[in-house]
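Student: Below is the structure I would like to discuss, written out as C-alpha coordinates.
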Amino acid sequence: MPTLQSLRKSAHWKPVGVPDPSGSTVSADSVFKRLSTRRRAVGSSANGVRAHKKWTPADFELGRKLGKGKFGRVYCVREKASGFVCALKVMSKEEIVSYKVEKQFVREIEIQANLRHTNCLRLYGWFYDEKNVYLILEYAAKGELYKMLKDCKRFDEPRTSYYIYQVANALVYLHRKHIIHRDLKPENILIHFHNQVKLSDFGWSVYAPQDTRRTTMCGTLDYLPPEMVEAKSHDEKVDVWALGVLLYELLVGRPPFEDEHSSTTYKRIAKVDLKIPQFVSSEAADLIKGLLRYDPVKRMKLEDVSKHPWMVKNRPLWQKLRE
Ligand code: AMP
(Lines give C-alpha, C1' and ligand atoms only; values in the text may rest on other atoms or scores of the structure.)
Protein backbone atom coordinates (compact mmCIF):
# COMPACT_ATOMS: atom_id res chain seq x y z
CA MET A 1 0.00 0.00 0.00
CA PRO A 2 1.67 3.24 -1.04
CA THR A 3 1.86 5.95 1.56
CA LEU A 4 0.26 9.30 0.85
CA GLN A 5 3.73 10.74 0.51
CA SER A 6 4.84 8.23 -2.11
CA LEU A 7 1.54 8.62 -3.92
CA ARG A 8 2.02 12.32 -4.02
CA LYS A 9 5.51 12.07 -5.40
CA SER A 10 4.73 9.49 -8.03
CA ALA A 11 1.13 9.87 -9.03
CA HIS A 12 1.68 11.04 -12.57
CA TRP A 13 -1.18 10.05 -14.77
CA LYS A 14 1.13 9.22 -17.56
CA PRO A 15 3.82 6.95 -16.17
CA VAL A 16 7.28 8.11 -17.06
CA GLY A 17 7.94 4.60 -18.28
CA VAL A 18 9.95 1.67 -17.09
CA PRO A 19 13.61 1.11 -17.90
CA ASP A 20 14.09 -0.28 -21.37
CA PRO A 21 15.24 -3.88 -20.86
CA SER A 22 17.50 -3.66 -23.89
CA GLY A 23 19.19 -0.68 -22.30
CA SER A 24 19.22 0.87 -25.74
CA THR A 25 20.74 4.29 -26.09
CA VAL A 26 20.16 4.49 -29.82
CA SER A 27 18.14 7.67 -29.73
CA ALA A 28 20.33 9.39 -27.16
CA ASP A 29 22.71 10.99 -29.62
CA SER A 30 20.02 12.45 -31.82
CA VAL A 31 18.16 13.82 -28.81
CA PHE A 32 21.16 15.46 -27.22
CA LYS A 33 22.42 16.71 -30.57
CA ARG A 34 19.12 18.52 -30.99
CA LEU A 35 19.81 20.30 -27.73
CA SER A 36 23.31 21.31 -28.63
CA THR A 37 22.32 22.72 -32.00
CA ARG A 38 19.71 24.88 -30.30
CA ARG A 39 22.06 26.05 -27.61
CA ARG A 40 23.51 28.74 -29.81
CA ALA A 41 20.10 29.99 -30.79
CA VAL A 42 19.06 30.50 -27.20
CA GLY A 43 22.41 31.28 -25.68
CA SER A 44 22.80 32.87 -22.30
CA SER A 45 23.87 36.32 -21.39
CA ALA A 46 22.78 36.23 -17.80
CA ASN A 47 24.60 37.77 -14.91
CA GLY A 48 28.10 36.67 -15.50
CA VAL A 49 27.53 33.37 -17.27
CA ARG A 50 29.13 33.83 -20.65
CA ALA A 51 27.05 33.16 -23.74
CA HIS A 52 27.83 30.70 -26.51
CA LYS A 53 30.51 28.86 -24.66
CA LYS A 54 31.18 25.19 -24.96
CA TRP A 55 30.97 24.28 -21.33
CA THR A 56 32.64 21.36 -19.59
CA PRO A 57 32.39 20.24 -15.94
CA ALA A 58 35.93 21.61 -15.44
CA ASP A 59 34.53 25.15 -15.81
CA PHE A 60 32.81 24.80 -12.45
CA GLU A 61 34.02 24.58 -8.88
CA LEU A 62 31.84 22.07 -7.10
CA GLY A 63 30.07 23.19 -3.92
CA ARG A 64 27.59 21.37 -1.71
CA LYS A 65 25.00 18.96 -2.99
CA LEU A 66 21.63 20.71 -3.02
CA GLY A 67 19.47 17.69 -3.59
CA LYS A 68 18.67 14.60 -5.56
CA GLY A 69 15.77 14.31 -7.97
CA LYS A 70 14.35 11.51 -10.03
CA PHE A 71 16.94 11.97 -12.76
CA GLY A 72 19.98 13.39 -11.14
CA ARG A 73 21.80 15.32 -8.52
CA VAL A 74 21.94 19.07 -8.11
CA TYR A 75 25.02 20.91 -6.85
CA CYS A 76 25.77 24.45 -5.91
CA VAL A 77 28.64 25.46 -8.20
CA ARG A 78 30.72 28.49 -9.06
CA GLU A 79 31.77 29.23 -12.60
CA LYS A 80 35.53 29.58 -12.26
CA ALA A 81 36.08 32.39 -14.76
CA SER A 82 33.35 34.73 -13.49
CA GLY A 83 32.82 33.53 -9.92
CA PHE A 84 29.11 33.35 -10.70
CA VAL A 85 27.24 31.02 -8.34
CA CYS A 86 24.60 28.80 -9.88
CA ALA A 87 23.14 25.32 -9.59
CA LEU A 88 24.35 22.46 -11.75
CA LYS A 89 21.98 19.59 -12.37
CA VAL A 90 23.76 16.43 -13.47
CA MET A 91 21.64 13.79 -15.16
CA SER A 92 22.67 10.45 -16.56
CA LYS A 93 21.95 10.22 -20.29
CA GLU A 94 21.40 6.51 -19.97
CA GLU A 95 18.72 7.00 -17.33
CA ILE A 96 16.90 9.65 -19.36
CA VAL A 97 16.84 7.34 -22.33
CA SER A 98 16.00 4.18 -20.44
CA TYR A 99 13.04 5.87 -18.79
CA LYS A 100 11.96 7.08 -22.22
CA VAL A 101 11.69 10.71 -21.15
CA GLU A 102 14.01 12.18 -23.81
CA LYS A 103 11.25 14.11 -25.57
CA GLN A 104 9.83 15.44 -22.33
CA PHE A 105 13.33 16.41 -21.28
CA VAL A 106 14.10 18.27 -24.50
CA ARG A 107 10.79 20.10 -24.35
CA GLU A 108 11.47 21.09 -20.76
CA ILE A 109 14.81 22.59 -21.73
CA GLU A 110 13.46 24.36 -24.79
CA ILE A 111 10.72 25.97 -22.75
CA GLN A 112 12.77 26.86 -19.68
CA ALA A 113 15.68 28.30 -21.66
CA ASN A 114 13.37 30.91 -23.16
CA LEU A 115 11.88 32.17 -19.91
CA ARG A 116 12.88 35.54 -18.49
CA HIS A 117 10.86 36.32 -15.38
CA THR A 118 12.00 36.90 -11.80
CA ASN A 119 9.63 34.21 -10.57
CA CYS A 120 10.64 31.53 -13.09
CA LEU A 121 13.88 29.65 -12.47
CA ARG A 122 16.37 30.56 -15.18
CA LEU A 123 18.10 27.95 -17.25
CA TYR A 124 21.34 29.61 -18.31
CA GLY A 125 22.71 26.84 -20.47
CA TRP A 126 23.47 23.17 -20.81
CA PHE A 127 26.11 20.82 -22.07
CA TYR A 128 26.78 17.13 -22.12
CA ASP A 129 29.57 14.62 -22.21
CA GLU A 130 29.55 10.91 -22.88
CA LYS A 131 27.73 10.01 -19.70
CA ASN A 132 25.76 12.99 -18.45
CA VAL A 133 23.71 16.01 -19.39
CA TYR A 134 24.37 19.12 -17.30
CA LEU A 135 21.91 21.95 -16.77
CA ILE A 136 23.24 25.30 -15.57
CA LEU A 137 20.41 26.68 -13.46
CA GLU A 138 19.74 29.74 -11.39
CA TYR A 139 20.54 29.02 -7.75
CA ALA A 140 17.66 29.26 -5.28
CA ALA A 141 19.21 29.55 -1.84
CA LYS A 142 16.35 28.30 0.34
CA GLY A 143 15.44 25.26 -1.75
CA GLU A 144 12.04 23.62 -2.10
CA LEU A 145 8.89 25.28 -0.79
CA TYR A 146 7.67 21.76 -0.01
CA LYS A 147 10.42 21.22 2.56
CA MET A 148 9.74 24.61 4.14
CA LEU A 149 6.05 23.73 4.38
CA LYS A 150 6.74 20.35 5.98
CA ASP A 151 8.96 22.06 8.55
CA CYS A 152 6.25 24.56 9.59
CA LYS A 153 3.24 22.34 8.85
CA ARG A 154 1.40 25.34 7.43
CA PHE A 155 2.11 28.98 6.65
CA ASP A 156 0.36 32.03 8.00
CA GLU A 157 -1.74 34.14 5.68
CA PRO A 158 0.75 36.98 4.99
CA ARG A 159 3.46 34.51 3.93
CA THR A 160 1.05 32.42 1.87
CA SER A 161 -0.34 35.46 0.11
CA TYR A 162 3.18 36.61 -0.80
CA TYR A 163 4.04 33.24 -2.33
CA ILE A 164 0.71 32.94 -4.15
CA TYR A 165 1.06 36.46 -5.52
CA GLN A 166 4.44 35.60 -7.01
CA VAL A 167 3.33 32.23 -8.40
CA ALA A 168 0.31 33.95 -10.00
CA ASN A 169 2.69 36.47 -11.62
CA ALA A 170 4.83 33.65 -13.00
CA LEU A 171 1.74 31.94 -14.42
CA VAL A 172 0.45 35.15 -16.00
CA TYR A 173 3.83 35.45 -17.73
CA LEU A 174 3.78 31.82 -18.90
CA HIS A 175 0.21 32.00 -20.18
CA ARG A 176 1.01 35.17 -22.14
CA LYS A 177 3.68 33.11 -23.84
CA HIS A 178 1.08 30.35 -24.37
CA ILE A 179 2.88 28.00 -22.02
CA ILE A 180 0.90 25.87 -19.57
CA HIS A 181 2.94 24.65 -16.61
CA ARG A 182 0.69 21.66 -15.74
CA ASP A 183 2.59 20.53 -12.66
CA LEU A 184 2.28 23.27 -10.11
CA LYS A 185 2.89 22.04 -6.52
CA PRO A 186 5.15 23.02 -3.62
CA GLU A 187 7.83 20.53 -4.76
CA ASN A 188 8.22 22.52 -7.98
CA ILE A 189 8.56 25.90 -6.33
CA LEU A 190 12.00 26.95 -5.15
CA ILE A 191 12.60 29.84 -2.81
CA HIS A 192 15.49 32.25 -3.05
CA PHE A 193 16.65 34.93 -0.62
CA HIS A 194 14.00 37.45 0.47
CA ASN A 195 11.32 34.80 -0.05
CA GLN A 196 11.48 35.19 -3.77
CA VAL A 197 9.58 32.46 -5.63
CA LYS A 198 11.27 30.58 -8.47
CA LEU A 199 8.87 28.35 -10.35
CA SER A 200 10.76 25.33 -11.66
CA ASP A 201 10.34 21.92 -13.24
CA PHE A 202 8.86 22.48 -16.66
CA GLY A 203 8.80 18.74 -17.40
CA TRP A 204 5.06 18.68 -18.00
CA SER A 205 4.85 22.14 -19.53
CA VAL A 206 3.53 22.57 -22.99
CA TYR A 207 3.50 25.30 -25.57
CA ALA A 208 -0.16 25.62 -26.54
CA PRO A 209 -0.93 28.42 -28.99
CA GLN A 210 -4.30 30.12 -28.54
CA ASP A 211 -7.49 28.11 -28.91
CA THR A 212 -5.79 24.74 -28.87
CA ARG A 213 -6.86 22.26 -26.25
CA ARG A 214 -4.72 19.48 -24.85
CA THR A 215 -5.66 15.94 -23.93
CA THR A 216 -2.58 14.56 -22.15
CA MET A 217 -3.37 13.63 -18.59
CA CYS A 218 -0.49 14.88 -16.55
CA GLY A 219 0.49 16.47 -13.31
CA THR A 220 0.26 15.16 -9.79
CA LEU A 221 -2.80 13.44 -8.37
CA ASP A 222 -3.77 15.97 -5.69
CA TYR A 223 -3.41 18.85 -8.13
CA LEU A 224 -5.40 17.42 -11.05
CA PRO A 225 -8.38 19.54 -12.11
CA PRO A 226 -11.87 18.06 -12.75
CA GLU A 227 -11.44 18.26 -16.55
CA MET A 228 -8.39 15.97 -16.35
CA VAL A 229 -10.00 13.61 -13.85
CA GLU A 230 -12.95 13.34 -16.24
CA ALA A 231 -10.60 12.81 -19.20
CA LYS A 232 -11.78 15.95 -21.01
CA SER A 233 -9.51 18.25 -22.96
CA HIS A 234 -7.88 21.09 -21.07
CA ASP A 235 -6.28 24.48 -21.51
CA GLU A 236 -4.27 26.92 -19.38
CA LYS A 237 -7.06 27.02 -16.74
CA VAL A 238 -5.56 23.83 -15.29
CA ASP A 239 -2.88 26.07 -13.79
CA VAL A 240 -5.55 28.30 -12.22
CA TRP A 241 -7.08 25.25 -10.52
CA ALA A 242 -3.63 24.14 -9.34
CA LEU A 243 -3.02 27.61 -7.89
CA GLY A 244 -6.19 27.15 -5.81
CA VAL A 245 -4.95 23.75 -4.59
CA LEU A 246 -1.58 25.29 -3.77
CA LEU A 247 -3.19 28.16 -1.85
CA TYR A 248 -5.22 25.67 0.19
CA GLU A 249 -2.21 23.43 0.85
CA LEU A 250 0.02 26.30 2.02
CA LEU A 251 -2.66 27.54 4.45
CA VAL A 252 -3.92 24.18 5.69
CA GLY A 253 -0.85 21.95 5.40
CA ARG A 254 -2.41 19.35 3.11
CA PRO A 255 -4.11 19.51 -0.29
CA PRO A 256 -7.92 19.88 -0.33
CA PHE A 257 -8.96 16.59 -1.92
CA GLU A 258 -6.34 14.33 -0.37
CA ASP A 259 -7.44 10.84 0.59
CA GLU A 260 -5.79 7.55 1.41
CA HIS A 261 -7.38 6.07 -1.72
CA SER A 262 -6.65 7.74 -5.01
CA SER A 263 -10.08 6.76 -6.38
CA THR A 264 -11.68 8.83 -3.61
CA THR A 265 -9.44 11.77 -4.45
CA TYR A 266 -10.61 11.61 -8.08
CA LYS A 267 -14.24 11.59 -6.96
CA ARG A 268 -13.74 14.45 -4.55
CA ILE A 269 -12.03 16.51 -7.27
CA ALA A 270 -14.84 15.84 -9.75
CA LYS A 271 -17.43 16.93 -7.17
CA VAL A 272 -15.27 19.82 -5.95
CA ASP A 273 -15.78 18.42 -2.46
CA LEU A 274 -14.09 21.33 -0.74
CA LYS A 275 -14.00 21.69 3.04
CA ILE A 276 -12.21 24.78 4.25
CA PRO A 277 -11.17 24.74 7.94
CA GLN A 278 -12.53 27.45 10.26
CA PHE A 279 -9.08 28.95 10.90
CA VAL A 280 -8.83 30.10 7.26
CA SER A 281 -10.04 33.70 6.97
CA SER A 282 -13.20 34.37 4.97
CA GLU A 283 -11.20 36.44 2.43
CA ALA A 284 -8.72 33.61 1.82
CA ALA A 285 -11.61 31.14 1.57
CA ASP A 286 -13.22 33.37 -1.04
CA LEU A 287 -10.05 33.32 -3.16
CA ILE A 288 -9.75 29.53 -2.83
CA LYS A 289 -13.35 29.14 -4.01
CA GLY A 290 -12.77 31.54 -6.90
CA LEU A 291 -9.85 29.46 -8.16
CA LEU A 292 -11.33 26.01 -7.48
CA ARG A 293 -14.37 26.26 -9.73
CA TYR A 294 -15.48 23.12 -11.56
CA ASP A 295 -16.05 24.99 -14.81
CA PRO A 296 -12.66 26.20 -16.13
CA VAL A 297 -14.32 29.21 -17.78
CA LYS A 298 -15.72 30.36 -14.44
CA ARG A 299 -12.38 30.17 -12.65
CA MET A 300 -10.96 33.46 -11.57
CA LYS A 301 -8.61 35.20 -13.99
CA LEU A 302 -4.98 35.05 -12.90
CA GLU A 303 -4.63 38.77 -13.55
CA ASP A 304 -7.27 39.38 -10.86
CA VAL A 305 -5.51 37.38 -8.14
CA SER A 306 -3.29 40.30 -7.09
CA LYS A 307 -6.35 42.57 -6.83
CA HIS A 308 -8.32 40.21 -4.60
CA PRO A 309 -9.25 41.75 -1.18
CA TRP A 310 -7.19 39.07 0.61
CA MET A 311 -4.09 40.15 -1.32
CA VAL A 312 -4.84 43.83 -0.77
CA LYS A 313 -5.24 43.17 2.98
CA ASN A 314 -1.95 41.26 3.27
CA ARG A 315 0.20 43.31 0.91
CA PRO A 316 1.41 45.78 3.61
CA LEU A 317 2.83 42.79 5.54
CA TRP A 318 5.06 41.58 2.69
CA GLN A 319 7.85 44.07 3.32
CA LYS A 320 8.99 42.05 6.35
CA LEU A 321 9.19 38.91 4.21
CA ARG A 322 11.36 40.69 1.66
CA GLU A 323 14.00 41.68 4.22
P1 AMP B 1 15.24 18.13 -8.96
O2 AMP B 1 16.05 17.05 -9.57
O3 AMP B 1 15.07 19.29 -9.87
O4 AMP B 1 13.94 17.61 -8.39
O5 AMP B 1 16.07 18.68 -7.73
C6 AMP B 1 16.37 17.90 -6.60
C7 AMP B 1 16.52 18.82 -5.40
O8 AMP B 1 17.63 19.69 -5.57
C9 AMP B 1 15.32 19.73 -5.16
O10 AMP B 1 14.43 19.11 -4.33
C11 AMP B 1 15.93 20.96 -4.52
O12 AMP B 1 15.99 20.78 -3.11
C13 AMP B 1 17.34 20.99 -5.05
N14 AMP B 1 17.44 21.94 -6.17
C15 AMP B 1 17.16 21.70 -7.47
N16 AMP B 1 17.40 22.78 -8.24
C17 AMP B 1 17.84 23.73 -7.41
C18 AMP B 1 18.25 25.11 -7.59
N19 AMP B 1 18.24 25.66 -8.79
N20 AMP B 1 18.64 25.81 -6.52
C21 AMP B 1 18.64 25.22 -5.29
N22 AMP B 1 18.26 23.94 -5.04
C23 AMP B 1 17.87 23.20 -6.08
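The values are calculated or read from the model by the stated rules, or taken from the named source; none is laboratory data. These numbers come from a predicted model, not from an experiment. As a convention, Cβ positions derive from the backbone with ideal geometry for all residues, glycine included, and neighbour counts pool all protein chains shown. The protein model used for the area step is the full one, side chains on, heavy atoms only, and it has no ligands, DNA or RNA in it. Shrake-Rupley method; radii C 1.70, N 1.55, O 1.52, S 1.80 Å.
Student: Probe 1.4 Å, all protein chains in place: accessible area of His178 in Å², nearest 10?
Tutor: 60
Student: While we're looking at this one, here's another question. Tell me the trypsin sites (Lys or Arg not before Pro) within the stretch 65-125 that lie in a loop according to DSSP and have at most 10 other beta-carbon atoms within 10 Å.
Tutor: Values: sites: Lys65, Lys68, Lys70, Arg73, Arg78, Lys80, Lys89, Lys93, Lys100, Lys103, Arg107, Arg116, Arg122; in loops: Lys70, Lys80, Lys100, Arg116, Arg122.
Counting only loop positions with at most 10 other Cβ atoms within 10 Å, the trypsin sites (Lys or Arg not before Pro) in the stretch 65-125 are Arg116.
Student: Straight-line reach from Lys150: which aspartates and glutamates have Cα under 13 Å away, leaving out those fewer than 8 places along the same chain?
Tutor: Lys150 reaches Glu187, Glu249.
Student: Give me P(r) over the stretch 200-286, computed from all C-alpha to C-alpha distances, binned every 10 Å, as integer percentages.
Tutor: 15, 47, 29, 8, 0
Student: Sticking with this one: Run through the stretch 124-180 and list the GluC sites (Glu not before Pro) located in a DSSP loop whose Cβ has at most 12 other Cβ atoms within 10 Å.
Tutor: Details: sites: Glu130, Glu138, Glu144; in loops: Glu130, Glu138.
Counting only loop positions with at most 12 other Cβ atoms within 10 Å, the GluC sites (Glu not before Pro) in the stretch 124-180 are Glu130.
Student: Still on this model: Going down the table (Lys153/Lys301; Lys93/Lys198; Lys147/Lys237; Lys232/Lys267; Lys147/Lys307; Lys153/Lys313), which pairs top 20 Å between alpha carbons?
Tutor: On the way: Lys153/Lys301 29 Å; Lys93/Lys198 26 Å; Lys147/Lys237 27 Å; Lys232/Lys267 15 Å; Lys147/Lys307 29 Å; Lys153/Lys313 23 Å.
Lys153/Lys301; Lys93/Lys198; Lys147/Lys237; Lys147/Lys307; Lys153/Lys313, as the Cα separations exceed 20 Å there.
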